[in-house]
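Take a look at the structure below.
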Amino acid sequence: MKQLISIIVLFLIVTTSFAQKDTLQDQAIVYKFDIKREIGSTSWIYTQFAFEEANKVNADVILLHLNTYGGQVVFADSIRTKILNSKIPVHVFIDNNAASAGALISIACDSIYMRPGANIGAATVVNQSGEKMPDKYQSYMRSTIRATAEAHGKDTIINGTDTAYVWKRDPHIAEAMVDESIYIEGIIDTGKILTFTTLEAIENGFCEGKAESINEVIEKLGYREYQIITYKPTFYDGLKGFLTNPILHGILILVIIGGLYFELQSPGIGFPLLASAIAAILYFAPLYIDGLAANWEIILFVIGIVLIALEIFVIPGFGIAGISGIILVFTGLTLSLVDNVVFDFSNVPTNELFMSLIIVSAGTFLAFIVAIPLSQKLFTSGPLAKVALLISQDMDLGYIGVDTEPKHLIGAVGLAQTTLRPSGKVLINDETYDAVAEIGMVDKGEKIKVIRYASGQLYVVKNR
């Protein structure tokens, strides 16, 4: 009897475990990550790590929880490209705002769900002051958002014997979120940038439905049994995002170049060189870890620094070594910002290369604009004034080993003892001195007058 009971218990345990296993296998894995801040380098870092982890856990779907007023276009473009190329379906829940760069990212997703009262649109490119950028920037954004909408293709609409193909996301409507000159009847007038409310977005195909929460979005996607895995950024993720910010890159370049300039102005101080070295490490380290800065690019930078140092301290003048060093430093800093194979830039997007050139050029330009006047102030009247030699070596103080007694002869008259052509000898107060005729030639025996004394030499003119 006991054996029978044991067998029944064992059977129940095994059956239960298999049932639980089947239940877990039936559960969909929803991988969620948030963008609830200005879109920048940190958002891009978070997105990369989130997609990598979603692939590791074999997620069935990626859900982006979005609430942003926008940010930097270059990173928004990288995020939208990541979404469009994802093998895992990507959906977005707009919690409140998807403005500017946020609209671009949302349109890239497979489906869009919005909270009642949310907005999407207003994707015009602006600067840090909120002013509209020139048309070349708008043109790029118009093309990008149009291409993003087109990437979702068309739906086939069959009505009786008629067949129509309708864009899932109308590219013309998407473009109106950037260009105020576009007119779409019943949607937007010219002179206005398009922004949709939740209901308007649903009506015009830019939203699949309303939702109040993440769970409601998941249920609308058709998942009943699911587990949510949420991406939680680590301290390193945030630090890496901070260190790869283009603004910080510009500041680090300013410190690198400015530190080198200060060190050359005050050899032996050490602090400017130390600051420059630390800035170089902070600049290259995250790029190297991320696979952007290759060994050869860092070596170019180091060789450039060595050539500049040789030109300044070893080779007289400024020639090939110095110019080559400047070119190598600039090249190393620039190429480290783009993901390229050795001397192969075919896969590097033009906008990324252009952006890296702008960052390095701006940082270098600001370094010289700031460093030159600042160094003059520091080494003349500032805290480092005592470091540099500012006292002139006056003859009267004994710094120059020449006889200064003839200086007192200024204004004295005498005779030319020899012909001055223009140099020769003169007789003053029965003493013979070397002299130089200031104007023309003085014949022997003519009267002369001393007009000045410089560098151990008397200068005379005819005394008429």
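The values are calculated or read from the model by the stated rules, or taken from the named source; none is laboratory data. No experiment lies behind these values; they were computed from the predicted model shown. Quick reminder, even Gly has a Cβ in these numbers, built from the backbone with ideal geometry, and neighbours come from all protein chains shown. When the accessible area is computed, the model is the full protein with side chains, heavy atoms only, and any ligands, DNA or RNA have been set aside. Shrake-Rupley method; radii C 1.70, N 1.55, O 1.52, S 1.80 Å.
Key figures for this structure:
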item	result
Rounded if a/c under 1.5, otherwise prolate or oblate - segment 98-225, Cα gyration tensor axes	oblate
Rounded if a/c under 1.5, otherwise prolate or oblate - segment 59-165, Cα gyration tensor axes	prolate
Gain on full stretching of the segment that runs from Y459 to A277 - 0.36 nm per residue minus C-alpha separation	60.1 nm
Fully extended contour minus Cα-Cα distance, from T418 to E150, at 0.36 nm per residue	86.8 nm
Protection-proxy order for peptides 91-102, 116-127, each taking the mean of Cβ atoms within 10 Å per residue, highest first	91-102, 116-127
Whole-percent carbon and sulfur share, accessible surface of segment 121-239, 1.4 Å	49 percent
Inter-label distance for I228 and I88, nm, one decimal - labels placed 7 Å from Cα along Cα-to-Cβ	1.5 nm
Zone residues, segment 81-121, relative to M133, backbone N less than 20 Å from point 7 Å out along Cα-to-Cβ	81-83, 98-108, 121
Loop-located trypsin sites (Lys or Arg not before Pro) in segment 43-148 whose Cβ has at most 15 other Cβ within 10 Å (DSSP)	K87
Heavy-atom accessible area order for H172, H152, largest first, 1.4 Å probe	H172, H152
Full-stretch length increase - V126, E38 - with 0.36 nm per residue and alpha-carbon distance subtracted	30.3 nm
E52 versus K220: modelled label distance in nm, points set 7 Å from Cα along the beta carbon direction	3.2 nm
Rounded if a/c under 1.5, otherwise prolate or oblate - segment 170-237, Cα gyration tensor axes	oblate
